[in-house]
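Student: Would you mind keeping the following structure in view while I ask a few things?
Read-outs: derived from the displayed coordinates by stated rules, not from any lab. No experiment lies behind these values; they were computed from the predicted model shown. Cβ coordinates were reconstructed from backbone atoms using ideal geometry, including for glycine residues, and neighbour counts include every protein chain displayed.
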There are 2 protein chains.
Amino acid sequence: MMDKIKQSRSYGHFCALARALDIVGERWTLLIVRELLPGPLRYTELKVSLAGIATNLLVERLRALESNGIVERRLGETGVVYALTRWGTGLREPMEALGNWGAPLLTTGRNGDSFQPRWLTLALPGLLRGVTATPPVELGLEADGFRMVLRVDEDGPSVIVRPDQPDTIFTASAEVVVGLAAGGLTIDQAVPLGDLQGDRRILSAVFPPGRVIAGRTRET
Amino acid sequence: MMDKIKQSRSYGHFCALARALDIVGERWTLLIVRELLPGPLRYTELKVSLAGIATNLLVERLRALESNGIVERRLGETGVVYALTRWGTGLREPMEALGNWGAPLLTTGRNGDSFQPRWLTLALPGLLRGVTATPPVELGLEADGFRMVLRVDEDGPSVIVRPDQPDTIFTASAEVVVGLAAGGLTIDQAVPLGDLQGDRRILSAVFPPGRVIAGRTRET
DNA sequence: CTGCATCCGCTTCGATACTG
DNA sequence: CAGTATCGAAGCGGATGCAG
């Protein structure tokens with residue numbers, strides 16, 4: 001059998017946006033990248049996390065992403081894992097911006113939609129954009145069993161997934177964490193809904209009270 | 001006949017990015033928004049500028065964008081024009097970021113791809129990101145017959161399309177203008193290739209020499 | 001001319017079943 | 001676990017038609 005590297009149809013526009021959409025504009029592609037932003041995953045993990053994707057599409061997209069230099073296959077201890085290349089991680093910024101734009105669409109509520117706590121690694125820096133801290137602060141977060149480290153430094157917020165946790169750790173449901181980041185919950189309201197270990201001042205540094213949330217609202 | 005407002009298939013993910021892609025992730029949709037960013041256009045103008053789109057798709061996408069509150073129909077003097085709502089203009093930032101990410105894809109050259117000078121209004125602020133000026137400076141640009149005003153202030157660069165032109169105007173081909181913004185051409189190289197009227201120092205303020213271009217390269 | 005609507009062949013998508 | 005194979009349904013692209 002011949003490997004057919006499927007080439008997606010091009011817009012044929014000499015424009016950086018159109019060229020970008022030529023390779024990441026197809027259905028599911030950016031969501032695959034979203035899954036890989038926090039770190040490498042195996043095929044089956046991808047399939048599970050991307051609830052709803054057809055298995056043939058997942059393979060096809062991964063092949064295309066690989067041939068375009070966005071994703072690479074690596075041999076881990078347990079088998080094959082898919083990881084973003086450096087070029088691929090550059091998609092974080094546009095994806096974060098698009099997520100920020102789309103944030104008001106979440107106010108209609110979760111309606112049987114699936115949810116994965118790893119998606120918070122994209123959402124939290126977006127919601128906290130503009131928050132800075134010197135010296136840097138780090139907060140461990142555990143939401144729905146998923147552990148991450150939220151770091152705020154002079155450049156702004158970022159989320160890393162790594163084994164060692166900082167001294168201060170906040171454990172709560174994803175809703176509470178998002179509520180805190182989105183400004184719907186104050187720290188006083190959120191803390192009793194979760195479990196805080198460590199220094200409460202870290203929380204106020206990371207989720208500064210009275211912050212003005214980028215208040216784009218839809219006027220449907 | 002019944003208006004059928006076609007609803008695009010949802011990913012069913014409770015995630016701002018996925019919700020955004022639910023409504024602007026389909027083929028052609030973001031390119032329609034790109035056309036409207038500089039200002040309202042009529043149906044036929046859209047069709048021409050978006051070389052390659054099928055007429056039924058254009059109608060369908062415009063209807064969907066309208067029902068999602070991103071585009072609105074207005075009655076101009078000459079007929080119907082399509083314009084972005086305020087919510088729609090918020091897409092500029094993610095689109096600019098995605099275009100910036102995709103900029104290296106242009107280095108393979110234009111290969112019979114179509115080109116519209118109005119696309120520069122998206123590309124130039126992207127390429128010049130990080131450049132600031134106090135007090136603000138404005139440069140008139142005419143590329144391939146399309147006129148725009150490039151403004152740089154303390155918040156960075158932006159492009160506006162408006163009738164009145166600033167005192168300093170640079171007229172050149174789109175290639176030269178892009179070369180200048182991308183750093184491939186110095187001011188000394190570019191000026192003889194075009195026509196400069198006014199103050200050359202405006203050029204150096206807008207296209208500062210020795211600027212480090214966000215040097216993401218593909219390692220295909 | 002503008003601003004679409006309709007038709008049709010092709011491609012892509014999604015769901016399910018199956019395999020090394 | 002990590003995919004391949006198949007097939008009906010939906011979406012896309014190009015051509016054409018037509019009213020205002």
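Student: With +1 on each Lys and Arg Cβ and -1 on each Asp and Glu Cβ, and nothing else charged, work out how big the dipole of chain B is about its Cα centre, in Debye to the nearest 20.
Tutor: Values: 25 positive and 25 negative charges, 157 e Å.
Taking the Cα centre of chain B as origin, the dipole is about 760 debye.
Student: Just how many pairs of Lys in the protein assembly as shown have C-alpha atoms closer than 26 Å, counting pairs that are eight or more places apart or on different chains? Write out the running numbers ahead of the final one.
Tutor: Values: A:4/A:47; A:6/A:47; B:4/B:47; B:6/B:47.
Lysine pairs meeting both conditions in the protein assembly as shown amount to 4.
Student: Identify which of B:158, B:204, B:49 has the largest mean-square fluctuation in a Gaussian network model of chain B, with springs joining Cα atoms closer than 10 Å.
Tutor: Result for chain B, Cα springs under 10 Å: B:204 fluctuates most.
Student: Which distances, in nm and shortest first, link the residue B:9 label point to the same label point in every other copy, taking 7 Å along Cα→Cβ?
Tutor: Ordered by increasing distance: 1.5 nm.
Student: Quick one: dipole size for the protein assembly as shown, taken about the Cα centre, charges +1 on Lys/Arg Cβ and -1 on Asp/Glu Cβ, in debye to the nearest 20.
Tutor: 1120
Student: Which value, in Å to one decimal place, does the Kirkwood hydrodynamic radius take for segment A:18-113 when every pair of different Cα atoms is included?
Tutor: Working: mean 1/r = 0.0703 Å⁻¹.
Here the Kirkwood hydrodynamic radius works out to 14.2 Å.
Student: Okay, next question. Please report, for residue B:129, the nm distances (one decimal) from its label point, 7 Å out from Cα along the beta-carbon direction, to the equivalent points in the remaining copies, shortest first.
Tutor: Here residue B:129 shows inter-copy label distances of 1.0 nm.
Student: Sort out for me the Cα centre separation of segment B:110-130 from segment B:133-196, rounded to whole Å.
Tutor: Going from one Cα centre to the other spans 13 Å.
Student: So what's the back-of-envelope 222 nm ellipticity for chain B, counting only DSSP H runs of four-plus at -39500 (n - 2.57) apiece and dividing by all residues, rounded to 500?
Tutor: Details: 10 runs with 80 residues, N = 220.
After summing the helix terms and dividing by residue count, I get -9500 deg cm²/dmol.
Student: Show me the GluC sites (Glu not before Pro) within segment B:54-145 that DSSP assigns to loop and that have at most 15 other Cβ atoms within 10 Å of their Cβ.
Tutor: Details: sites: B:60, B:66, B:72, B:77, B:96, B:138, B:142; in loops: B:77.
Sparse-neighbourhood loop GluC sites (Glu not before Pro): B:77.
Student: Per residue of segment A:23-40, what does 6.51 cos²θ - 1.76 cosθ + 1.60 with θ = phi - 60° give for ³J(HN,Hα)? Whole Hz please, x for Gly and Pro, Karplus curve as stated.
Tutor: 10, 10, x, 6, 3, 6, 4, 5, 6, 5, 4, 4, 5, 8, 4, x, x, x
Student: Among B:39, B:58, B:178, whose Cα sits farthest toward the positive end of the charge dipole of chain B (+1 at Cβ of Lys/Arg, -1 at Cβ of Asp/Glu, about the Cα centre)?
Tutor: Of the candidates, B:58 comes out farthest on the positive side.
Student: Within a 10 angstrom radius of each residue's Cβ in A:30-40, how many Cβ atoms of other chains show up on average? Whole number is fine. Intermediate results must be reported in sequence, preceding the final value.
Tutor: Working: counts 6, 7, 0, 1, 5, 0, 0, 0, 0, 0, 0.
Averaged over the peptide's residues, the number is 2.
Student: Could you pull out every residue, at least 5 positions away or on a different chain, whose amide H is within less than 5 Å of the one on residue B:185? Hs are placed 1.01 Å off N in the peptide plane, and Pro or chain starts have none.
Tutor: B:180
Student: Taking 41 Å as R0, compute the FRET efficiency from the Cβ-Cβ separation of residue A:147 and residue B:86 and round it to 0.05. Don't skip to the answer; put the middle values down first.
Tutor: Working: r = 39 Å, r/R0 = 0.95.
After rounding, the FRET efficiency stands at 0.60.
Student: Using a 7 Å offset from the Cα along the Cα-to-Cβ direction at both residue B:107 and residue A:75, what is the distance between the two label points in nm, to one decimal?
Tutor: Modelled inter-label distance: 3.1 nm.
Student: Continuing with this model, one more query. At residue A:158, with labels set 7 Å past Cα in the Cβ direction, how many nm apart are the copies from this one, shortest first?
Tutor: Here the equivalent label points are 2.9 nm apart from this one.
Student: Quick one: dipole size for segment A:1-70, taken about the Cα centre, charges +1 on Lys/Arg Cβ and -1 on Asp/Glu Cβ, in debye to the nearest 20.
Tutor: Working: 10 positive and 7 negative charges, 22 e Å.
Roughly 100 debye for segment A:1-70.
Student: With only alpha-carbon atoms counted, please give the Rg and Dmax of chain A, in Å.
Tutor: When restricted to the Cα atoms of chain A, Rg and Dmax are 18.8, 62 Å.
Student: Then there is this: Which cross-chain or sequence-distant (5 or more) residues have an amide H under 5 Å from the amide H of residue B:41, H modelled 1.01 Å from N in plane?
Tutor: B:82
Student: While we're here: Once the dipole of segment B:91-220 is set up with Lys and Arg at +1 and Asp and Glu at -1 on Cβ about the Cα centre, which of B:168, B:94, B:190 lies farthest towards its positive end?
Tutor: The Cα lying farthest towards the positive end belongs to B:94.
Student: Next question, about the same structure. With a Förster radius of 22 Å, plug the Cβ-Cβ distance of residue A:134 and residue B:93 into 1/(1 + (r/R0)^6) and report the FRET value to the nearest 0.05.
Tutor: Numbers: r = 26 Å, r/R0 = 1.16.
Here the calculated transfer efficiency is 0.30.
Student: What list of ³J(HN,Hα) couplings, whole Hz, do you get for segment B:165-176 from phi and the Karplus terms 6.51, -1.76, 1.60, once you set θ to phi - 60° and write x for glycine and proline?
Tutor: 9, x, 5, 9, 10, 10, 10, 6, 6, 4, 4, 5
Student: With the Cα gyration tensor of the protein assembly as shown giving a ≥ b ≥ c as the square roots of its eigenvalues, does the rule (a/c under 1.5 for rounded; else a/b larger than b/c for prolate; else oblate) give rounded, prolate or oblate? It would help to have the intermediate numbers written out before the result.
Tutor: On the way: a/c = 1.58, a/b = 1.40, b/c = 1.13.
Because a/c hits 1.5 or more and a/b exceeds b/c, the protein assembly as shown counts as prolate.
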